[in-house]
Amino acid sequence: EPVLTFRGVSKAYGPTRAIDALDLAIEAGSFVALVGASGSGKSTLLKTVNRLVEPTTGSVTFDGADVAELALAGLRRRIGYVFQSIGLFPHMSVAENIAIGPRLAGERLPEDRIGELLEWVELDRAMASRMPDELSGGQRQRVGVARALAAQPQLLLMDEPFGALDPVTRDALGERVRKLHEELGLTTVMVTHDMAEALLLADRVLVMDAGRIVADETPQSLVAGA
Ligand code: ADP
Ligand code: ADP
């Protein structure tokens, strides 16, 4: 059962075709990696889902509804988004950063829940009162993941989430996110330029080139064909 469907999706920036008549269905519960060279359209495709980008033509359907027809706040509540970096608000504590989504919806995230989210990403509960500039890069990305999960989303979108981290931190956080994906029954779509990371974490690897999907493989078939 697809939870996410792209039908004839194109996105043009002037003469640049970032996405070119793309069709794709993503099954509920899958962990999909979007790989490809810089400029191939990965970020733009991801951003059409939570409407950070509006397609020029075509439609994106999430859980049976056209995203263009859903209320933006409700849509973004159901979709967790992890940015590459600079994702945390520097003037807010870790706890305030994690609670920002629910707070914008008029809800208070209980302290216990914030502690639980911190533990999910293997951070100490005492980190809640820290400011982002007191954290390492890896800790900040962990907080970014905790924040994305705060509103109990069905879908987790990640744009180069581990790209700026050292290899050891990257593997540890990647494996943690893979476990959370399974435990929480999420559908996850991750943009990465790192094929090794895609092979390690995803169960479906989509290769993009010039706004199109040029390969759609399981990690097993990619490794066998290499
Ligand atoms: P990727 O994530 O694979 O690096 P992007 O989706 O960021 O690729 O970009 C795809 C193409 O669209 C690139 O040519 C990029 O320069 C262009 N592009 C992306 N966002 C914008 C924008 N806001 N304005 C103009 N061009 C953009
Ligand atoms: P990310 O994809 O992690 O957001 P990028 O550096 O690719 O980081 O893009 C940062 C922002 O700049 C995005 O909002 C993207 O849409 C926009 N952008 C990317 N390429 C271009 C471009 N060629 N012209 C204008 N804006 C762009």
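The values are calculated or read from the model by the stated rules, or taken from the named source; none is laboratory data. Note that the structure is predicted; figures quoted are calculated from it, not measured. Backbone-built Cβ (ideal geometry, glycine too); neighbour counts: all protein chains shown. SASA here: full protein model, heavy atoms, side chains in, ligands and nucleic acids out. Shrake-Rupley method; radii C 1.70, N 1.55, O 1.52, S 1.80 Å.
Residue-level check: of (1) away from ligand 2 (no atom under 16 Å from the Cβ); (2) more than 27 Å from residue 24 (Cβ to Cβ), residue 101 misses just (2). Taking the stated definitions as given, is residue 46 modelled with pLDDT of 95 or more, farther than 30 Å from residue 139 by Cα and surrounded by 14 or more Cβ atoms within 10 Å (Cβ to Cβ)? Taking the combined requirement at face value, the residue does not satisfy it.
Criterion applied to 89, 62 was being aromatic (Phe, Trp, Tyr) and open to solvent by 10 Å² or more (accessible area, probe 1.4 Å), and the one residue passing it is 89.
Checking each residue in segment 44-68 for being within 16 Å of ligand 1 (Cβ to nearest atom) and on the phi > 0 side of the Ramachandran plot picks out 51, 58. I'm checking my understanding of the structure. Among residues of segment 189-203 that are more than 16 Å from ligand 2 (Cβ to nearest atom) and in a helix (DSSP H, G or I), which one is most open to solvent (accessible area, probe 1.4 Å)? Across segment 189-203, the extreme among qualifying residues is 200. Restricted to segment 3-24, and to residues there that are open to solvent by 40 Å² or more (accessible area, probe 1.4 Å) and over 14 Å from residue 66 (Cβ atoms), the residue that is farthest from ligand 2 (Cβ to nearest atom) is 23. Just one of the listed residues (165, 173, 118, 123) is over 15 Å from the mean Cα position of the chain (by Cα), part of a helix (DSSP H, G or I) and either in contact (Cβ under 8 Å) with a residue 40 or more places away in the chain or over 24 Å from residue 51 (Cβ atoms) (or both), and it is 118. Taken over segment 25-57, the criterion of being touching a residue at least 12 places away in the same chain (Cβ under 8 Å), within 13 Å of ligand 2 (Cβ to nearest atom) and farther than 22 Å from residue 73 by Cα is satisfied by 34, 36, 37, 38, 40, 41, 42.
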